[in-house]
Amino acid sequence: MSKLDFWFFPTHGLDTLPDFVSRQYADAAIHCGDLTTESQIDEYKASIRFLRAINSPLKLVIAGNYDFTMDIPIFQRKAAEAQPLDPQLIRKFYGNYGEVRELFGDEKETGITFLDEGIHSFRLQNRALLNVYASPYTPSCGDWGFQYHLDLGHDFKIGNVDIVMTHGPPKGIMDRTHSGQRAGCQHLFKVIARSQDRPLMHCFGHIHEGWGGKLCVLISTLSMIKRKGDPTGCFRTSHCSEDPHPLKRGSETLFINAAMESSQDLLVQPPWVVDIELPAAV
């Protein structure tokens, strides 16, 4: 087994990497969607600068509902609804269809891998094998990208993986909004709960005020860190074999809501650093 560090971020167009992030190495960095606030080209470029500055050889990224220009049918519909707005003006701020994907460039050069929905496997530099399920889809809450009608559901084909990356949370897990409503996905919860091989971690964002971590015990919430003052660093947790709460492969999952941008009084919520163990690649 290999011990690994993981950074977790959703940023909404943040382009300045905090000093404490740039100084620390991680085996992998994970961005759970919402690279932008308005899905404009300049916002994507800012997020890519942010990601490139992270000291990690592997940076995994998915889209979020705010990144609607990556959802081509939604982008096309929005462009059509914007008529008679000058198409050149739309292209200036939002790009052509599919252009934002090209901004990520060669992943061997940038270290950034944009993940479409599905299962992906990676051999890390320390020869550990990482299997990831990724999905940007969330229940519909307006005219955004990568959404589905809650009554129709979505087919999350998670399978046997180490980490699940989704934009939104499962129902009932760090998904409570300021109004007190649960905004997570019931279909996603059912897939995770009924999985014969539970993933080691499930990371997401989307509900900013739901920031926190939970295993069999509550690790942290926004109310806990606010009592200690504004955060000035990352929040670290370790769940390896020698730790008080080691992850039990196949039987329990560590849930991380990693939303960095606050919706209220904290400008930036602390990014997570998580230590886990993975098997070596054959």
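For segment 48-175, what % of the accessible area comes from carbon and sulfur atoms, probe 1.4 Å? Mind showing how you got there, number by number?
Numbers: 3060 of 6230 Å².
Summing carbon and sulfur atoms, their accessible area is 49 percent of the total for segment 48-175.
Return the subset of LYS171/LYS248; LYS59/LYS171; LYS59/LYS157; LYS59/LYS190 for which the Cα-Cα distance in this structure is over 24 Å, preserving the input order. Intermediate values should be presented prior to the final figure.
Working: LYS171/LYS248 22 Å; LYS59/LYS171 27 Å; LYS59/LYS157 22 Å; LYS59/LYS190 28 Å.
Pairs exceeding the cut-off: LYS59/LYS171; LYS59/LYS190.
Could I have the simple spin-label model distance between GLU109 and GLN76, label points 7 Å from Cα toward Cβ, reported in nm to one decimal?
Roughly 2.9 nm, to one decimal.
If each of SER140 and ASN96 carries a label point 7 Å out from its Cα toward its Cβ, how far apart are those two points in nm?
It is 3.1 nm.
Starting from the Cα gyration tensor of segment 53-158, take the square roots of the eigenvalues, sort them a ≥ b ≥ c, and report rounded, prolate or oblate (rounded when a/c is under 1.5, otherwise prolate if a/b is larger than b/c, else oblate). Before the final figure, lay out the partial values.
Details: a/c = 3.46, a/b = 1.44, b/c = 2.40.
Oblate is the answer for segment 53-158, as a/c is 1.5 or above yet b/c matches or exceeds a/b.
Specify whether the C-alpha gyration tensor of segment 28-71 places it in the rounded, prolate or oblate class, a ≥ b ≥ c being the square roots of the eigenvalues: rounded for a/c under 1.5, otherwise prolate if a/b is larger than b/c and oblate if not.
Details: a/c = 3.06, a/b = 1.63, b/c = 1.88.
It is oblate, given that a/c is not under 1.5 and a/b is not larger than b/c.
The values are calculated or read from the model by the stated rules, or taken from the named source; none is laboratory data. This is a predicted model, so every value here is computed, not measured. Glycine gets a Cβ as well: all are built from the backbone with ideal geometry, and neighbour counts include every protein chain shown. Side chains included, ligands, DNA and RNA excluded: accessible areas come from the protein's heavy atoms. Shrake-Rupley method; radii C 1.70, N 1.55, O 1.52, S 1.80 Å.
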